[in-house]
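One structure below.
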Amino acid sequence: MLALFPECEEAQDLVYELFCDEWTIYDNRIAIQRNIDEWDDRPWQQRRRLALSYRFMSRWEGKYADDRAERNGSPDVAKILEDGKMELLGTYCLGDDECTNYAWSIFADALKKAKAPRAALLWIGKQYADLGFFADSAEALGELCSRFDDPDARRLLAEVIWWRDNAHRIPWIPPAGDGSRYDRMMDFIDPSAPKTKDFIHEARNENQKERIAPYLPSID
(Lines give C-alpha, C1' and ligand atoms only; values in the text may rest on other atoms or scores of the structure.)
Protein backbone atom coordinates (compact mmCIF):
# COMPACT_ATOMS: atom_id res chain seq x y z
CA MET A 1 0.00 0.00 0.00
CA LEU A 2 2.73 2.49 0.98
CA ALA A 3 4.68 1.66 -2.17
CA LEU A 4 1.67 2.62 -4.30
CA PHE A 5 0.46 5.51 -2.13
CA PRO A 6 3.46 6.80 -0.13
CA GLU A 7 1.50 9.79 1.21
CA CYS A 8 -1.30 7.64 2.66
CA GLU A 9 -1.25 8.57 6.36
CA GLU A 10 -3.83 5.91 7.25
CA ALA A 11 -1.48 3.18 5.98
CA GLN A 12 1.45 4.66 7.89
CA ASP A 13 -0.61 4.79 11.08
CA LEU A 14 -1.78 1.20 10.57
CA VAL A 15 1.82 -0.01 10.40
CA TYR A 16 2.61 1.80 13.64
CA GLU A 17 -0.51 0.35 15.30
CA LEU A 18 0.69 -3.15 14.40
CA PHE A 19 4.08 -2.34 15.92
CA CYS A 20 2.34 -1.45 19.19
CA ASP A 21 1.07 -5.00 19.76
CA GLU A 22 2.23 -6.02 23.25
CA TRP A 23 3.78 -9.32 22.12
CA THR A 24 5.56 -7.66 19.22
CA ILE A 25 7.04 -5.18 21.68
CA TYR A 26 8.03 -7.93 24.11
CA ASP A 27 9.63 -10.18 21.46
CA ASN A 28 11.64 -7.37 19.91
CA ARG A 29 12.78 -5.99 23.25
CA ILE A 30 14.05 -9.40 24.36
CA ALA A 31 15.74 -10.04 21.02
CA ILE A 32 17.55 -6.69 21.11
CA GLN A 33 18.63 -7.20 24.74
CA ARG A 34 20.47 -10.33 23.63
CA ASN A 35 22.67 -8.07 21.49
CA ILE A 36 22.78 -4.73 23.34
CA ASP A 37 22.34 -3.90 27.03
CA GLU A 38 19.44 -1.53 27.64
CA TRP A 39 21.69 0.76 29.70
CA ASP A 40 24.11 1.17 26.79
CA ASP A 41 22.97 4.59 25.56
CA ARG A 42 25.92 5.34 23.28
CA PRO A 43 24.51 6.97 20.12
CA TRP A 44 25.63 4.30 17.68
CA GLN A 45 23.99 1.61 19.78
CA GLN A 46 20.68 3.37 19.19
CA ARG A 47 21.24 3.00 15.44
CA ARG A 48 22.08 -0.68 15.98
CA ARG A 49 18.81 -1.15 17.87
CA LEU A 50 16.92 0.39 14.96
CA ALA A 51 18.83 -1.69 12.43
CA LEU A 52 18.16 -4.90 14.34
CA SER A 53 14.48 -3.99 14.67
CA TYR A 54 14.26 -3.31 10.96
CA ARG A 55 15.83 -6.66 10.12
CA PHE A 56 13.58 -8.47 12.61
CA MET A 57 10.40 -6.88 11.23
CA SER A 58 11.19 -6.58 7.52
CA ARG A 59 10.16 -9.78 5.81
CA TRP A 60 8.60 -9.85 2.35
CA GLU A 61 8.90 -11.88 -0.81
CA GLY A 62 11.52 -10.51 -3.17
CA LYS A 63 13.54 -8.50 -0.65
CA TYR A 64 16.29 -11.09 -0.45
CA ALA A 65 15.96 -12.70 -3.87
CA ASP A 66 18.41 -15.53 -4.38
CA ASP A 67 20.26 -13.81 -7.21
CA ARG A 68 24.02 -13.66 -6.81
CA ALA A 69 24.37 -10.60 -9.04
CA GLU A 70 21.74 -8.77 -6.97
CA ARG A 71 23.32 -9.83 -3.68
CA ASN A 72 26.73 -8.54 -4.74
CA GLY A 73 25.56 -5.43 -6.54
CA SER A 74 27.26 -4.89 -9.90
CA PRO A 75 29.90 -7.69 -10.06
CA ASP A 76 32.46 -5.51 -11.84
CA VAL A 77 32.62 -3.12 -8.87
CA ALA A 78 31.91 -5.64 -6.08
CA LYS A 79 35.27 -4.97 -4.40
CA ILE A 80 34.65 -1.21 -4.34
CA LEU A 81 31.15 -1.73 -2.92
CA GLU A 82 32.51 -3.98 -0.18
CA ASP A 83 35.09 -1.32 0.72
CA GLY A 84 32.25 1.15 1.13
CA LYS A 85 30.34 -1.28 3.32
CA MET A 86 33.38 -1.71 5.56
CA GLU A 87 33.40 2.06 6.13
CA LEU A 88 29.70 1.93 7.05
CA LEU A 89 30.47 -0.80 9.56
CA GLY A 90 32.96 1.58 11.16
CA THR A 91 30.03 3.81 12.10
CA TYR A 92 27.65 0.94 12.86
CA CYS A 93 30.01 -0.95 15.18
CA LEU A 94 32.42 1.71 16.45
CA GLY A 95 30.51 4.99 16.35
CA ASP A 96 32.89 6.83 14.02
CA ASP A 97 30.46 9.02 12.04
CA GLU A 98 33.24 10.16 9.72
CA CYS A 99 33.08 6.72 8.16
CA THR A 100 29.69 7.51 6.58
CA ASN A 101 31.27 10.28 4.51
CA TYR A 102 34.03 7.96 3.34
CA ALA A 103 31.45 5.27 2.55
CA TRP A 104 29.38 7.50 0.30
CA SER A 105 32.42 8.74 -1.64
CA ILE A 106 33.39 5.11 -2.26
CA PHE A 107 29.85 4.17 -3.31
CA ALA A 108 29.74 7.18 -5.67
CA ASP A 109 32.97 5.99 -7.29
CA ALA A 110 31.47 2.51 -7.71
CA LEU A 111 28.34 3.93 -9.36
CA LYS A 112 30.44 5.85 -11.89
CA LYS A 113 32.25 2.66 -12.88
CA ALA A 114 29.42 0.12 -12.59
CA LYS A 115 28.17 -1.61 -15.73
CA ALA A 116 24.92 -2.39 -13.88
CA PRO A 117 24.08 0.80 -11.93
CA ARG A 118 20.57 -0.41 -11.10
CA ALA A 119 21.90 -3.47 -9.27
CA ALA A 120 24.58 -1.37 -7.57
CA LEU A 121 22.07 1.23 -6.35
CA LEU A 122 19.74 -1.48 -5.04
CA TRP A 123 22.63 -3.14 -3.19
CA ILE A 124 23.71 0.19 -1.69
CA GLY A 125 20.15 0.97 -0.60
CA LYS A 126 19.84 -2.41 1.08
CA GLN A 127 23.15 -2.03 2.93
CA TYR A 128 22.21 1.39 4.27
CA ALA A 129 18.81 0.08 5.40
CA ASP A 130 20.15 -3.09 7.04
CA LEU A 131 22.61 -0.98 9.08
CA GLY A 132 20.01 1.58 10.18
CA PHE A 133 20.94 4.46 7.86
CA PHE A 134 17.39 4.95 6.66
CA ALA A 135 17.76 8.50 5.29
CA ASP A 136 20.79 7.46 3.21
CA SER A 137 18.96 4.35 2.04
CA ALA A 138 15.96 6.43 0.96
CA GLU A 139 18.27 8.73 -1.01
CA ALA A 140 19.92 5.84 -2.87
CA LEU A 141 16.64 4.06 -3.56
CA GLY A 142 14.97 7.31 -4.62
CA GLU A 143 17.73 7.78 -7.19
CA LEU A 144 17.19 4.22 -8.39
CA CYS A 145 13.42 4.67 -8.74
CA SER A 146 13.87 7.93 -10.65
CA ARG A 147 16.04 6.17 -13.23
CA PHE A 148 14.58 2.66 -13.45
CA ASP A 149 11.19 0.97 -13.22
CA ASP A 150 11.81 -1.41 -10.33
CA PRO A 151 8.81 -2.55 -8.21
CA ASP A 152 11.02 -4.17 -5.55
CA ALA A 153 12.98 -0.94 -5.16
CA ARG A 154 9.74 1.04 -4.78
CA ARG A 155 8.57 -1.42 -2.14
CA LEU A 156 11.84 -1.13 -0.24
CA LEU A 157 11.87 2.67 -0.60
CA ALA A 158 8.41 2.93 0.98
CA GLU A 159 9.57 0.78 3.87
CA VAL A 160 12.77 2.68 4.62
CA ILE A 161 10.94 6.01 4.39
CA TRP A 162 8.51 4.74 7.04
CA TRP A 163 11.42 3.72 9.28
CA ARG A 164 13.18 7.04 8.67
CA ASP A 165 10.09 8.99 9.69
CA ASN A 166 9.10 6.79 12.65
CA ALA A 167 12.47 5.76 14.09
CA HIS A 168 11.97 8.12 17.05
CA ARG A 169 8.85 6.30 18.25
CA ILE A 170 9.48 2.57 17.81
CA PRO A 171 7.79 1.36 21.03
CA TRP A 172 10.37 -1.21 22.18
CA ILE A 173 13.42 1.03 21.74
CA PRO A 174 14.52 3.15 24.74
CA PRO A 175 15.02 6.91 24.35
CA ALA A 176 18.20 8.05 22.63
CA GLY A 177 21.11 8.95 24.89
CA ASP A 178 24.55 10.49 24.77
CA GLY A 179 26.57 7.73 26.42
CA SER A 180 26.46 9.20 29.93
CA ARG A 181 24.46 6.26 31.33
CA TYR A 182 26.93 3.84 29.73
CA ASP A 183 29.87 5.74 31.26
CA ARG A 184 28.31 5.64 34.75
CA MET A 185 27.60 1.92 34.50
CA MET A 186 31.12 1.16 33.27
CA ASP A 187 32.56 3.05 36.23
CA PHE A 188 31.10 0.25 38.39
CA ILE A 189 31.85 -2.66 36.06
CA ASP A 190 35.31 -1.72 34.74
CA PRO A 191 36.68 1.72 35.65
CA SER A 192 39.57 1.24 33.22
CA ALA A 193 37.23 0.93 30.20
CA PRO A 194 37.34 3.91 27.80
CA LYS A 195 34.55 6.47 28.07
CA THR A 196 32.22 7.06 25.14
CA LYS A 197 34.21 9.97 23.70
CA ASP A 198 37.52 8.14 24.21
CA PHE A 199 36.14 5.05 22.49
CA ILE A 200 35.13 7.06 19.41
CA HIS A 201 38.49 8.85 19.37
CA GLU A 202 40.41 5.57 19.51
CA ALA A 203 38.22 4.01 16.81
CA ARG A 204 38.72 7.04 14.56
CA ASN A 205 42.50 6.85 14.95
CA GLU A 206 42.52 3.15 14.10
CA ASN A 207 40.31 3.73 11.06
CA GLN A 208 42.64 6.43 9.79
CA LYS A 209 45.66 4.15 10.21
CA GLU A 210 43.96 1.46 8.14
CA ARG A 211 43.05 3.95 5.40
CA ILE A 212 46.58 5.26 4.96
CA ALA A 213 48.35 1.90 5.42
CA PRO A 214 48.32 1.05 1.66
CA TYR A 215 50.02 4.35 0.88
CA LEU A 216 52.83 4.18 3.45
CA PRO A 217 56.31 3.83 1.91
CA SER A 218 57.99 0.49 2.40
CA ILE A 219 61.48 -0.85 1.83
CA ASP A 220 61.54 -4.09 -0.17
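The values are calculated or read from the model by the stated rules, or taken from the named source; none is laboratory data. All figures in this text were calculated on a predicted structure; none of them were measured in a lab. Glycine gets a Cβ as well: all are built from the backbone with ideal geometry, and neighbour counts include every protein chain shown.
Miscellaneous remarks
- Conditions (1) under 28 Å from Arg181 (Cα atoms); (2) outside any loop (DSSP other than H, G, I, E, B); (3) at pLDDT below 95; number of the one not met by Gln12: (1)
- Across region 134-143, not a single residue is classified as on the phi > 0 side of the Ramachandran plot, surrounded by 17 or more Cβ atoms within 10 Å (Cβ to Cβ), touching a residue at least 60 places away in the same chain (Cβ under 8 Å) and under 12 Å from the mean Cα position of the chain (by Cα).
- Unique match (being at pLDDT 90 or above, assigned to a loop (DSSP other than H, G, I, E, B), among the charged types (D, E, K, R) and more than 16 Å from the chain's Cα centre (by Cα)) among Asp66, Asp40: Asp40
- Among residues of region 9-30 that are closer than 15 Å to Ser53 by Cβ, those with a beta-carbon under 8 Å from a residue that is modelled with pLDDT under 90 and surrounded by 10 or more Cβ atoms within 10 Å (Cβ to Cβ) at least six positions away or on a different chain give the pairs Val15/Leu2.
- Filtered residues of region 146-200 (kept if farther than 22 Å from Tyr128 by Cβ, free of Cβ contacts under 8 Å to residues at least 60 places away in the same chain, assigned to a helix (DSSP H, G or I) and of a type in the set (D, E, K, R)): Asp183, Arg184, Asp187, Lys197, Asp198
- Filter result (at positive phi and either of a type in the set (Phe, Trp, Tyr) or surrounded by fewer than 19 Cβ atoms within 10 Å (Cβ to Cβ) (or both)) within region 160-183: none
- One residue from Leu157, Leu131 being farther than 22 Å from Gln12 by Cβ and crowded, with 17+ Cβ neighbours inside 10 Å: Leu131
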